[in-house]
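What follows is a single structure, and I will ask about it in a moment.
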Amino acid sequence: GFSAAARTIGIPRSTVSLHVKTLESSLGVRLLKRSTRSISLTEEGEQLYNRSKENLDSLNSTLELIRDHSDRISGLIRITAPADFPTEFLARAITEFSNIHPDVRFELILTNTSLGLASENIDIAIGFSQRSDGDRIQKFLLPITWEFYANSNWLEKNGIPKSIDQISAFISPGRDLCRFLEQKVLDGQKLPKGTIEANNHLLIRDLVLQGAGVGLLPKGMLDKQIEEGFVKAILDTTSSGVLELSIEFPSRADITPRVRKFADHFCSLFRSNV
């Protein structure tokens, strides 16, 4: 009866009756046979029920699947990071999280192209911070300073440049990053045209080690080689700007529990190991 249906759904009996009458009116047929003691389906009502039941069951199953369950985290997290971001650290963060939440899946996009959170359907973006806005949350991870480096043998052969414009063989990190570094790190100073262009800091580091020229890299990438005397930091960059490595994810209104939990896990792990 209508009363039992109302109790099951959790709405007033009058609302159930109104919905049925509205459906019958829109279809132009009677769906239920009513008497004082019982209700049964008409032929049209039975056809509607039989044909729609499977789809309704499927819809209910889907709604239950995507419903927020506080005790179960599942679904896909899409992450983008720079092409040369340390993969060992990222792999550790994902593995630890997957062991706790095995129903979460990951898609990783390592690229130096800036991808939009909304336009590219990205859940988490790791990279050098830009100005944030109301559509995303930004957490700073690590300040990054930059140094010019060159192989010691290369410096003996070519001399130590006293200024940026005296660099005779520059290993450029790519045009977009060059412009970004000129604005944010070098206070408007122009970098020389690269004799070699590479959009990967690890490759630039290896080119410096091989004596291919001068590279501009995040400080710390060549500490061991500097101690061993193979590489030297040149030019004074103590007054240069500092970039912030950050993690960005959607605003509190749009973020899902799985993204929030992984972002918190990643930040905690990163800060405890740096």
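Let me know the longest stretch in the chain that avoids all trypsin sites (Lys or Arg not before Pro) found in a DSSP loop with at most 12 other C-beta atoms within 10 Å. It would help to have the intermediate numbers written out before the result.
Values: sites that count: R37, R67, R131, K162, K190, K193, R252.
Looking at the chain, 68-130 is the longest stretch - no exposed trypsin sites (Lys or Arg not before Pro) with at most 12 other Cβ atoms within 10 Å.
What residues of the range 1-26 lie in the reach of a label at L48, counting those whose backbone N is under 11 Å from a point 7 Å from the Cα along Cα→Cβ?
19-26
Still on this structure: Just the number, please: percent antiparallel of the DSSP beta bridges in the chain, rounded to the nearest 5.
65
Under a cut-off of 18 Å between alpha-carbon atoms, report the lysines in cross-link reach of K53, not counting same-chain residues fewer than 8 places apart.
Reachable lysines: none.
Residue farthest toward the positive end of the dipole of the chain, with Cβ of Lys/Arg at +1 and Asp/Glu at -1: which of I137, P161, Q189?
Going by the Cα projections, it comes out as I137.
Moving on. Take A6 and A91, extend 7 Å from each Cα along the Cα→Cβ direction, and tell me the distance between the two endpoints in nm.
Distance between the two pseudo-spin positions: 6.3 nm.
If you keep only loop residues by DSSP, which chymotrypsin sites (Phe, Trp or Tyr not before Pro) in the range 207-274 have at most 13 other Cβ atoms within 10 Å of their Cβ? Don't jump to the answer; show the numbers that get you there.
Numbers: sites: F230, F262, F266, F270; in loops: F230.
Qualifying residues, ordered by number: none.
Accessible area per residue of the chain at 1.4 Å probe, in Å²? Numbers along the way, then the final one.
Numbers: 17060 Å² over 274 residues.
I get 62 Å² per residue for the chain.
Consider the candidate values (1) 191; (2) 169; (3) 134; state which one is volume of the Cα convex hull per residue in Å³ computed from the structure displayed.
The calculated read-out lines up with (1).
Counting only protein heavy atoms and using a 1.4 Å probe, what share of the accessible area of the chain belongs to carbon plus sulfur, as a whole percent?
On the way: 8370 of 17060 Å².
The computed percentage sits at 49.
Rounded to the nearest 500, what is the chain's calculated 222 nm mean residue ellipticity when only DSSP H runs of at least 4 contribute -39500 (n - 2.57) each, over all residues? Don't jump to the answer; show the numbers that get you there.
Values: 9 runs with 108 residues, N = 274.
Rounded to the nearest 500, it is -12000 deg cm²/dmol.
Taking a 26 Å limit on the Cα-Cα distance, which of the listed pairs K139/K184; K193/K232; K162/K190; K139/K162; K193/K224; K184/K261 fall beyond it? Write out the running numbers ahead of the final one.
Details: K139/K184 19 Å; K193/K232 21 Å; K162/K190 15 Å; K139/K162 37 Å; K193/K224 28 Å; K184/K261 31 Å.
As for pairs spanning more than 26 Å Cα to Cα, those are K139/K162; K193/K224; K184/K261.
The values are calculated or read from the model by the stated rules, or taken from the named source; none is laboratory data. Since this is a predicted model, take the numbers as computed values, not measurements. Note that we place each Cβ from the backbone using ideal geometry, even for glycine, and neighbour counts take in every protein chain shown. The accessibility values were calculated without ligands, DNA or RNA, using every heavy atom of the protein model including side chains. Shrake-Rupley method; radii C 1.70, N 1.55, O 1.52, S 1.80 Å.
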